[in-house]
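A.B. asks: Here's a structure for you.
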Amino acid sequence: MHKKFVLFCADALALAASLMLASSTSDASTNNVDLSLTGGTVAGYTAAQPFQELPVSFTMTNHGSIATSVDFQFTITNATASGEDYVCPTVGDGFNINADTPFCEPGVLRAHKQTSAAILVTPSISSGTVIVQACANDEAGHHDPVPGNNCKSVSIPIR
């Protein structure tokens with residue numbers, strides 16, 4: 001009888017441990033942040049002349065199930081931008097704030113919501129291609145299950 005009781009307790013503990021592991025695994029997969037970016041030139045222009053100011057806009061979406069503090073990180077190739085060239089509205093009220101170049105930190109992005117930012121760049125070349133890249137960053141460092149869609153590059157031919 002004592003031996004059966006010990007085996008019963010061992011089986012019960014193993015079952016409880018497996019249920020807790022399954023529960024924590026399912027919580028981890030449903031409580032995540034999945035950021036993505038889309039972007040393009042403002043008004044849809046496809047090429048530009050040298051030394052024109054070029055507006056580029058990006059939209060970040062949180063496809064995940066939790067809110068997180070986010071930022072846009074900009075990288076510019078063959079062009080320049082100063083701190084005043086960033087358009088960085090805060091999440092919720094849309095108040096334009098000064099960017100911490102090359103970052104724009106709009107605030108906390110709730111689950112299934114979007115926020116946008118833009119940058120005005122001036123080509124530093126007389127011909128070739130200007131590239132403006134933005135990457136979505138989760139400042140809290142949550143695991144992003146689809147990190148391949150966190151950056152978007154916009155290429156603008158200069159002629």
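A.B. asks: Is it true that some residue in segment 97-120 is free of Cβ contacts under 8 Å to residues at least 12 places away in the same chain and surrounded by 14 or more Cβ atoms within 10 Å (Cβ to Cβ)?
C.D. replies: Yes: one or more hits.
A.B. asks: Among (1) loosely packed, with under 15 Cβ neighbours inside 10 Å; (2) at pLDDT 95 or above; (3) not aromatic (Phe, Trp, Tyr), there is one condition ALA140 misses while meeting the rest; what is its number?
C.D. replies: Of the numbered conditions (1) loosely packed, with under 15 Cβ neighbours inside 10 Å; (2) at pLDDT 95 or above; (3) not aromatic (Phe, Trp, Tyr), the odd one out for ALA140 is (2).
A.B. asks: Looking at segment 63-75, is at least one residue modelled with pLDDT of 95 or more, in the same structural domain as GLY107 (by TED's automatic domain parsing) and farther than 20 Å from HIS143 by Cα?
C.D. replies: Scanning segment 63-75, I find at least one residue that is modelled with pLDDT of 95 or more, in the same structural domain as GLY107 (by TED's automatic domain parsing) and farther than 20 Å from HIS143 by Cα, so the answer is yes.
A.B. asks: In contact with a Leu (Cβ under 6 Å, 6 or more places away or on another chain) and assigned to a strand (DSSP E or B): does that describe THR122?
C.D. replies: It is false that THR122 is in contact with a Leu (Cβ under 6 Å, 6 or more places away or on another chain) and assigned to a strand (DSSP E or B).
A.B. asks: Taking segment 80-99 only, how many residues are part of a strand (DSSP E or B) and aliphatic (A, V, I, L, M)?
C.D. replies: Qualifying residue count for the region: 2.
A.B. asks: Right, another one. Does THR25 satisfy being under 18 Å from ASP144 (Cβ atoms), exposed (fewer than 12 other Cβ atoms within 10 Å of the Cβ) and modelled with pLDDT of 50 or more?
C.D. replies: Against the criterion (under 18 Å from ASP144 (Cβ atoms), exposed (fewer than 12 other Cβ atoms within 10 Å of the Cβ) and modelled with pLDDT of 50 or more), THR25 does not qualify.
A.B. asks: Counting residues that are out of contact with any helix residue (DSSP H, G or I) (no Cβ under 6 Å at 6 or more places or on another chain) and within 16 Å of PRO106 (Cα to Cα), which strands (runs of 3 or more DSSP E) fully inside segment 30-79 reach at least 3?
C.D. replies: Counting at least 3 such residues, we get 54-62, 68-77.
A.B. asks: For segment 81-97, enumerate the residues that are closer than 27 Å to ILE125 by Cα and modelled with pLDDT of 95 or more.
C.D. replies: ALA81, ASP85, TYR86, VAL87, CYS88
The values are calculated or read from the model by the stated rules, or taken from the named source; none is laboratory data. In this text the structure is predicted, and so the values were computed from the model without any measurement. So basically every Cβ, Gly included, is an ideal-geometry build from the backbone, and we count neighbours across all protein chains shown.
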